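Heads up, the thing below is written out as structure tokens.
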Amino acid sequence: MPFGIVHHFPGGTQDQYEASIAAVHPARDQLPDGQIFHAAGPVEGGWTIMAVHESKASWESFRDNTLLPRLQAGIAGGFNTPPQATEIEIYNLQP
């Protein structure tokens, strides 16, 4: 079952997003293994990222083996605070 994650970074900026995504994605135009959708943009008061993975296990693998270790190590120019996170068990995913 597809699994979604929405991260909102209060006060986040496009520059912080670019630095962070460069550190956790394999390339600017390539998604991590298991991720099937990625979107990001400015919202009132910060920056929001939405991602869909093939499964909850895929998300947890990316989170535990790539995202958290790189965030904990510090990303120069990246987001300064942890995100507000919402996890979603996807019921309906349309192309």
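The values are calculated or read from the model by the stated rules, or taken from the named source; none is laboratory data. Since we're looking at a predicted model, the values are computed, not measured. Here the Cβ positions follow ideal geometry from the backbone for every residue, glycine too, while neighbour counts run over all protein chains shown. Heavy atoms of the whole protein, side chains included, go into the accessibility calculation; ligands, DNA and RNA do not. Shrake-Rupley method; radii C 1.70, N 1.55, O 1.52, S 1.80 Å.
Gly45 fulfils the conditions (1) open to solvent by less than 60 Å² (accessible area, probe 1.4 Å); (2) of a type outside the set (Val, Ile, Thr); (3) free of Cβ contacts under 8 Å to residues at least 24 places away in the same chain except for a single criterion, (3). Across segment 1-20, what is the number of residues that are closer than 19 Å to Arg70 by Cβ and open to solvent by less than 20 Å² (accessible area, probe 1.4 Å)? Residues flagged as closer than 19 Å to Arg70 by Cβ and open to solvent by less than 20 Å² (accessible area, probe 1.4 Å) within segment 1-20 amount to 5.
Condition check: surrounded by 12 or more Cβ atoms within 10 Å (Cβ to Cβ), among the polar types (S, T, N, Q) and touching a residue at least 60 places away in the same chain (Cβ under 8 Å). Does Gln35 satisfy that? For Gln35, the condition - surrounded by 12 or more Cβ atoms within 10 Å (Cβ to Cβ), among the polar types (S, T, N, Q) and touching a residue at least 60 places away in the same chain (Cβ under 8 Å) - is not met. Listed by first and then second residue, the pairs with beta-carbon distance under 8 Å, at least 6 apart or on different chains, first residue in segment 73-95 and within 11 Å of Ile5 (Cβ to Cβ), second hydroxyl-bearing (Ser, Thr, Tyr) and open to solvent by 90 Å² or more (accessible area, probe 1.4 Å), form an empty list. The number of residues in segment 6-65 being over 18 Å from Glu89 (Cα atoms) and outside any strand (DSSP E or B) comes to 25. Say we look at segment 50-95 and pick out the residues that are among the basic types (Lys, Arg) and within 14 Å of His25 (Cα to Cα); which of these is surrounded by the fewest Cβ atoms within 10 Å (Cβ to Cβ)? Of everything passing the filter in segment 50-95, Arg70 is surrounded by the fewest Cβ atoms within 10 Å (Cβ to Cβ).
Just one residue in the set Gly77, Gly41 is closer than 12 Å to Ser20 by Cβ and over 11 Å from the mean Cα position of the chain (by Cα); that residue is Gly77.
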